[in-house]
Amino acid sequence: MRFALRQLLKNRGFTTVAVGSLAIGLALAASILSIVNAYLLRSLPYPTARDVYHLRYAPMGPWEPRGMTSIDWKSLNDVVADVVTSSGATLYLGEPGAIKQVRGLRVSPGFLQGLGVEALIGRTFVESEFASGAEDVAVIGHQLWRERFNSDPAAIGQLLQVRGEDEQRQACRIVGVLPQGFWFGRDSSAAVDVMTPLRAPMRVYMVRLRAGVPVADAEKRITEAARSVGSDFRPDWTGVHLQSVDDRYVQDIRPVLVGVTIAVAIVLVLVSVN
């Protein structure tokens, strides 16, 4: 070690190049591996993500069978634990002169249960709150709770003045606060500010399967239910297919990350050998 240090001090130009090359190689490797860990190795930040599947009613494209909003999901209780569907909306909070635009999400009864997400304080929605004419309630995001209510637990029970893009106003009673870091969408910047019950029929696009239920069995049962209520099926329709939400989330970026990881590994080997 002493001999090596003396040689490095004697040849400072070589030492600078060697140390700089190693620093760049290690920095690249560390950066890429952190991204690979976040996207490919770790699951999505939902406790039940491994059991949640995305539904494809038809191959990619504009065509899809009609009537998929009428599937009787209660008849599939033995294979499907929860159905997950939602509708995004831009909402506005406050009175004229102090209006804040936020990201809203109307969700199905099994949305949070399907993802395994519980309220940080308060509670999530109960079944009766999805009925037409029920009281308007909301679960708010952690950031909105911090900014608007100063992280005060007394926010539970207060009224939140909400206006949609259709200019219709409603006063929603806050029943819960989402945990910090909760997001839903194609990327982690899609934080939810205000979540309200979805009270209109909508096509289910994700399901959480019951423990031990094979994917093939679930696909068969859901396909049978879809055939019983749907119409406009093409002759080549192969049925409903399930895809892990983890796989769906990374399907576009996986080839890029794998390629970049291989390239960075080669760079690290080269700078180490040099």
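The values are calculated or read from the model by the stated rules, or taken from the named source; none is laboratory data. Being a predicted model, the structure only gives us computed values, none of them experimental. Glycine also receives a Cβ, built like all others from the backbone with ideal geometry; neighbour counts cover every protein chain displayed. Protein only, heavy atoms only, side chains kept; ligands, DNA and RNA dropped before computing areas. Shrake-Rupley method; radii C 1.70, N 1.55, O 1.52, S 1.80 Å.
Some points to look at:
- C-alpha center-to-center spacing [region 43-81, region 82-144] in angstrom: 21 Å
- Within the chain, all pairs of alpha-carbon atoms sorted by distance into 5 Å bins from zero give the percentages 1, 5, 10, 12, 12, 12, 11, 9, 7, 5, 4, 3, 3, 2, 1, 1, 0.
- Heavy-atom accessible surface of region 221-274: percent carbon and sulfur, 1.4 Å: 60 percent
- Average accessible surface for region 1-146: 57 Å² per residue, computed with a 1.4 Å probe over protein heavy atoms with every protein chain in place.
- Note on region 117-216: with neighbouring protein chains present and a 1.4 Å probe, carbon and sulfur make up 48 percent of its accessible heavy-atom surface.
- Taken along the Cα-to-beta-carbon direction at a fixed 7 Å, the label points for Ala190 and Ser87 span 1.7 nm.
- Selected from Gly88, Ala38, Val117, residue furthest toward positive end of dipole (region 30-129; charges at beta carbon): Ala38
- For Leu9 and Ile262, a Förster radius of 51 Å and the Cβ-Cβ distance give a FRET efficiency of 0.90, rounded to the nearest 0.05.
- Gained length - Asp72 relative to Ala134, 0.36 nm times residue gap less alpha-carbon distance: 20.1 nm
- Basic side chains Lys and Arg get +1 at the Cβ, acidic Asp and Glu get -1 at the Cβ, and with that the dipole of the chain about its Cα centre reaches some 1260 debye.
- Heavy-atom accessible area order for Glu129, Glu135, largest first, 1.4 Å probe: Glu135, Glu129
- Summary value for region 156-274: 12 percent relative contact order, contacts being C-alpha pairs under 8 angstrom separated by 6+ residues.
- Direction-averaged projected area, Cα convex hull, region 160-274: 14.4 nm², rounded to one decimal.
- Dipole of region 149-274, positive direction: furthest Cα of Pro179, Gly230, Ile262, with charges on the beta-carbon: Gly230
- Oblate is the label for region 22-130, because a/c, from the alpha-carbon gyration tensor with a ≥ b ≥ c as root eigenvalues, is 1.5 or above and a/b does not exceed b/c.
- Pairwise alpha-carbon distances in region 87-145 exceed 17 Å for 49% of all pairs.
- Base-10 log of normalised Debye intensity for region 205-270 (one unit scatterer per alpha-carbon) at q = 0.13, 0.16, 0.22 Å⁻¹: -0.59, -0.72, -0.98
- Evaluated over the Cα positions of region 143-225, the convex hull gives a direction-averaged projected area, one quarter of its surface, of 8.6 nm².
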